[in-house]
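Worksheet: the structure to be examined is printed underneath.
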Amino acid sequence: MAGIGTETAFEAAARARALEAEGRDIIHLEIGEPDFDTPANIRAAAKKALDDGWTHYGPALGLPVLREAIAEDATARKGFRAEPANVVVTPGAKPIMFFAILALVEPGDEVIYPDPGFPIYESMTRYVGGVPVPINLREENDFRFDPAEVAAATNERTKLIIFNSPHNPTGGVLTPADVEALAEIGRRHPNVTFLADEIYGRIVYDGEHVSIAALPGMAERTIVLDGFSKTFAMTGWRLGYAIVPSWLVETYSKLIINSVSCTSSFSQVAAAEALRGPQQSVDAMVEEFRTRRELIVEGLNRIPGITCRMPHGAFYVFPNVAGTGISNNELADKLLYDGGVCVLSGSAFGQHCRDHVRISYANSQANLRRALERIEEVVAGLPAAAPA
Ligand SMILES: Cc1ncc(COP(=O)(O)O)c(C=O)c1O
């Protein structure tokens, strides 16, 4: 257990809730979950599924109805032909990465992943004795997962290349040319498997989401991770999935049987409705996020000491706070304890993030405005941020 890490968002949320229990008013901008309710048609489908008796164990890899719906949806949206037999359903998308790393990475194997990035990639790699190989996403490079750097870091010990687009925590989106360049690295290194984390694939504002699995030869070597948490505001339902190469299906089946047996049956029936039913709620949610993105980026850029790039996807901004004169950890603490705004220090996302904090704008416009006022007030009170 010495190597395993954590996801700080859950700890920060617990600290914020403890303050709330003492009567403090806290604006939550830490956790990565849509503030919207799960759309009504999906909730209704779950209630009906319960009444219809979907309350028993199901097949380890998922109910046929959902695996078919996922394969149809992936074929329509991701640009490659996905078969139901290659679909794996899990309780949340996290087990997809957990099982992939557990199954594929032997002690000493190298795993390439973005830094900053979702903390579980590094945590799980260390846990199984693998060697984490972070690719530094630089702000001046628009936080790009630079294929040239990935190519330079890939060698015969590389087992897995993990990437995430749209990206948590920066909101970056890979361009089609980047994805093609990553596929080219795969072609030069036949032992490498890709883990493409596409959980924010439908939350894109500029450009388009491209799946590496759509490129020639890539579906056979890519685990395409996706899920219901973000797209359909279903974080608490715990529903994720992947489209995996045929040679990995049995591996997933065994790991699922050894750990969770299967995913909740009535939730899966509702998830099929999420994919096959009306999609207006998803579109409306993305449009609302787009408005909030502009609100938060403009607001942050007005605060002396803070600069913020415009993200292209997901619902996070990753502002540079070096100009405030204190570290990102100190600023996150001050914002919480003095300002009542809970954000995450960039340090929660890797070694290379001393200048940034992550703000989730999955909160109402009114709360974002209030949060901006409070952040401005806290920063104005810092000695280094006073106007020269
Ligand atoms: C990049 C990324 N991948 C995967 C997940 C996991 O999603 P789930 O809640 O479905 O397990 C998250 C959740 O925050 C995420 O940000």
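Just for region 28-60: of the residues that are open to solvent by less than 50 Å² (accessible area, probe 1.4 Å) and polar (S, T, N, Q), which one is nearest to Gly277 (Cα to Cα)?
Once the filter is applied, the top-ranked residue is Asn41.
Please verify whether region 207-223 includes one or more residues that are within 15 Å of the ligand (Cβ to nearest atom), under 22 Å from the mean Cα position of the chain (by Cα), among the charged types (D, E, K, R) and surrounded by fewer than 24 Cβ atoms within 10 Å (Cβ to Cβ).
no
Quick one: in region 76-101, of everything that is within 16 Å of the ligand (Cβ to nearest atom) and in a loop (DSSP other than H, G, I, E, B), which residue is surrounded by the fewest Cβ atoms within 10 Å (Cβ to Cβ)?
Among them, the one singled out is Pro91.
Among the candidates Arg238, Arg276, single out the residue that is within 11 Å of the ligand (Cβ to nearest atom), open to solvent by 40 Å² or more (accessible area, probe 1.4 Å) and touching a residue at least 40 places away in the same chain (Cβ under 8 Å).
Of the residues listed, the single one that is within 11 Å of the ligand (Cβ to nearest atom), open to solvent by 40 Å² or more (accessible area, probe 1.4 Å) and touching a residue at least 40 places away in the same chain (Cβ under 8 Å) is Arg238.
With (1) closer than 26 Å to His209 by Cα; (2) touching a strand residue (DSSP E or B) at 6+ places or on another chain (Cβ under 7 Å); (3) of a type in the set (Val, Ile, Thr); (4) open to solvent by less than 20 Å² (accessible area, probe 1.4 Å) as the list, and Val133 as the residue in question, which single condition is left unmet?
(4)
Take Thr8 and tell me if it is open to solvent by 30 Å² or more (accessible area, probe 1.4 Å) and either of a type in the set (S, T, N, Q) or closer than 22 Å to Val128 by Cβ (or both).
Answer is yes for this residue.
Ile42 is checked against (1) touching a Phe, Trp or Tyr at 6+ places or on another chain (Cβ under 7 Å); (2) in a loop (DSSP other than H, G, I, E, B); (3) modelled with pLDDT of 95 or more and fails just one. What number does that condition carry?
Among (1) touching a Phe, Trp or Tyr at 6+ places or on another chain (Cβ under 7 Å); (2) in a loop (DSSP other than H, G, I, E, B); (3) modelled with pLDDT of 95 or more, Ile42 violates only (2).
Does Ile203 satisfy the condition of being at negative phi, open to solvent by 10 Å² or more (accessible area, probe 1.4 Å) and within 12 Å of the ligand (Cβ to nearest atom)?
Here the answer is no, as Ile203 does not meet what is asked.
With (1) farther than 27 Å from Pro319 by Cβ; (2) acidic (Asp, Glu); (3) at pLDDT below 95 as the list, and Glu208 as the residue in question, which single condition is left unmet?
(1)
Filter region 162-176 for residues that are of a type outside the set (Phe, Trp, Tyr) and within 15 Å of the ligand (Cβ to nearest atom) and give the result.
Residues satisfying the conditions are Ile162, Asn164, Ser165, Pro166, His167, Asn168, Pro169, Thr170, Gly171, Gly172, Val173, Leu174.
The values are calculated or read from the model by the stated rules, or taken from the named source; none is laboratory data. Please read all numbers here as calculations on a predicted model, not as lab measurements. Cβ coordinates were reconstructed from backbone atoms using ideal geometry, including for glycine residues, and neighbour counts include every protein chain displayed. Areas reflect the complete protein model, heavy atoms only, side chains present, ligands, DNA and RNA absent. Shrake-Rupley method; radii C 1.70, N 1.55, O 1.52, S 1.80 Å.
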